[in-house]
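In what follows, a structure is listed as structure tokens, so that the remarks can point back to it.
Rule-based calculations on the coordinates, nothing more; no lab input. Note that the coordinates shown come from a computational prediction; the quantities given were computed from them, not determined experimentally. All Cβ positions, even for glycine, are placed from backbone atoms using ideal geometry, and neighbour counts span all protein chains on display.
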Amino acid sequence: MAAGAVPGPLPEPVAGPRWPEVRLAAAERRRELVLRGPELEARVRDGGLDPALWRLPLLQHLELGAGLSLLPPELCGLEQLRSLVLRHNRLAALPAELGRLQQLRTLDLSGNRLSALPPALGLLPQLQALNVSGNLLESLPAALGRCLRLSQLNVSGNRLAALPPELFQPQLSLLALITASNNLISLLPPEVSQLPALKTLDLSNNKLSEIPCELADCPKLKEINFKGNNLKDKRLEKMVNGCLTKSILDYLKSGGRGKGKGKVDSAEKAASREKVRKKKKALKKDEEESDEEEELNKLVVRVLHISESPSSVLVKVTPNVKDVRPYIVCCIVEGMNLRSGNALKRFLVAQTKLHDDDCQKRTLATIATHDSHKLKGPLVYDARPSQSLKITPLGRKEIKAADLVRQLQVEADEQRKQKKRQNISGLHKYLQLLNGKENFPCLVDAEDDVISFPPITNSDKTKIRKSTSQLFLEVTSSTNLQACKTVMDSLIVRMAELNKFTFENQDQESVSDNEPEVTNDIPEDGEAVDLTLNKMASPELIVKQVRVVDVEGNLKVVYPAKTDLNVDACNITVIR
């Protein structure tokens with residue numbers, strides 16, 4: 001240093017994590033972190049968020065529910081973040097730096113106090129799901145039209161007078177779900193027909209007076225809801241109130257009342273009819289032969305209404321689950337053959353794959369399967385204190401839920417040490433989904449036995465076996481009801497495919513490859529059961545509806561409803 005020079009100030013050292021959760025996440029190089037609960041709210045009130053939270057470079061999923069009123073711009077330091085959940089806070093504004101999270105796929109800002117969204121949202125090239133329901137928004141930024149991978153948009157419960165025209169562009173080729181109920185929207189533009197992937201549209205309880213005929217041109221539209229709008233066309237309004245989706249679309253396609261000719265020019269129609277007639281005449285013989293073969297190859301799913309299935313189980317939902325894991329959908333499936341060969345193993349492998357893919361590693365939803373004959377209804381979907389909740393997990397003894405989570409965490413840490421890597425397997429990789437929760441969700445039977453502890457495990461009491469002939473399916477989510485229905489649709493279609501495979505290959509799977517399962521199960525009719533290879537008369541599945549109600553008996557959801565199981569697959573037939 002030159003003589004007389006004045007030394008400059010030394011840089012301040014970077015402070016280490018203050019919060020134990022952040023310190024542990026940094027030490028273990030975690031990719032997921034959930035911070036919720038009254039204790040965290042008290043910390044935020046007293047000293048704000050731990051700044052070290054924004055210096056977790058490997059973090060991919062972050063859930064914050066600590067009464068936040070401000071989101072610092074330093075969040076852009078989470079460069080690998082894929083899922084950001086900030087629901088039920090007090091946020092009134094968002095920093096523009098949010099647009100620098102280039103890997104972000106899911107953004108949940110529901111239940112805040114936002115009056116505007118930053119245009120920087122249009123800088124998120126990977127954004128797939130945006131939930132801003134339950135805020136104070138009066139408009140949406142046009143920049144959302146630049147989120148070309150957007151597939152789910154929930155803006156319900158705001159003050160929107162219109163949806164931006166940029167949302168109805170063919171470039172948004174993946175946009176499948178728009179939920180905009182309980183707003184002030186007075187116009188749905190005809191350009192809605194340019195959304196090629198739109199499957200679900202909810203504009204209930206708005207200010208619409210007309211529904212554009214172009215809506216019928218959406219090629220994949222399966223579910224619409226326009227209830228609570230004052231439509232000029234009273235015949236259409238009656239259809240809307242009856243949830244007659246197909247009738248509504250057919251009515252719109254014809255141009256509405258008094259417009260039976262529709263939008264297609266009569267000359268074009270005549271030419272089209274002539275072309276079809278010639279094609280049918282030329283290929284008639286081939287079609288007759290292929291139709292018979294195609295019918296044999298189709299998967300068949302038969303839906304039984306509750307009135308046709310008096311033994312169907314009822315599920316009651318308590319208010320306790322509202323802030324924990326509020327959404328549940330259930331049904332009963334008969335006709336699934338799990339006895340033959342490796343049928344049970346294939347089914348469990350398929351369920352695991354659905355958890356990884358459709359359920360987004362259980363962050364979107366969780367599947368649980370039970371032996372329906374071992375259930376005693378009605379069932380209660382509840383949230384109970386972790387210290388008092390007891391369950392007998394699959395393959396384990398009865399244990400308190402809190403102790404089970406701690407035990408699994410110890411096992412996970414041991415796995416990391418043994419394998420010398422961050423990735424862990426089994427139930428251990430879902431533990432972070434319960435971080436910060438004082439009450440755990442559970443499904444309880446009439447004997448007060450916990451049969452399901454989502455998103456972690458089922459009870460050994462209702463474990464499915466090769467002898468299981470009737471399955472009770474359960475899908476829960478902390479995100480939205482539609483996620484439950486979509487996952488359940490996928491599960492049933494996959495079950496139908498597996499059952500068809502078993503039906504076609506049962507002669508190739510020898511009895512010697514599969515020892516009979518030793519169980520204490522006794523059929524209801526008292527007759528003995530052959531637990532060796534069981535021939536299937538048909539691969540048809542029967543799906544029985546299950547009602548989910550609140551504690552007062554008011555219907556919350558029934559599955560499958562008319563708009564459910566409307567799958568695009570051409571090889572499946574659903575009989576209702």
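Quick notes on this one:
- Cβ crowding within 10 Å, taken as a proxy for footprinting-reagent exposure, orders Phe501, Phe226, Phe168 from fewest neighbours to most as Phe501, Phe168, Phe226.
- In plain terms, the residue of Ile575, Ile306, Ile178 with the fewest other Cβ atoms within 10 Å comes first and the most crowded comes last, giving Ile575, Ile306, Ile178.
- Contour minus Cα-Cα distance for Ala162 and Glu97 (0.36 nm per residue): 20.8 nm
- Counted charge near Ala162, where neighbours are those whose Cβ lies closer than 12 Å (Asp, Glu -1; Lys, Arg +1): 0
- Entries of Lys238/Lys544; Lys397/Lys461; Lys207/Lys485; Lys220/Lys246; Lys199/Lys253; Lys500/Lys544 with Cα pairs more than 21 Å apart: Lys238/Lys544; Lys207/Lys485
- Fewest-first ranking of Leu56, Leu481, using other Cβ atoms within 10 Å as the exposure measure: Leu481, Leu56
- Using R0 = 56 Å, the C-beta based FRET efficiency linking Lys207 and Asp357 works out to 0.90.
- Other residues whose C-beta falls under 10 angstrom from the C-beta of Thr245 contribute a net charge of +1, scoring Lys and Arg +1 and Asp and Glu -1.
- In segment 21-253, the C-alpha radius of gyration followed by the widest Cα-Cα span (Dmax) gives 19.5, 64 angstrom.
- DSSP-defined antiparallel bridges as percent of all bridges, segment 21-253, nearest 5: 0 percent
- Spatial separation of Cα centroids for segment 164-188 and segment 344-417, in angstrom: 37 Å
- Highest to lowest packing among 123-133, 406-416, scored as the average C-beta count within 10 Å: 123-133, 406-416
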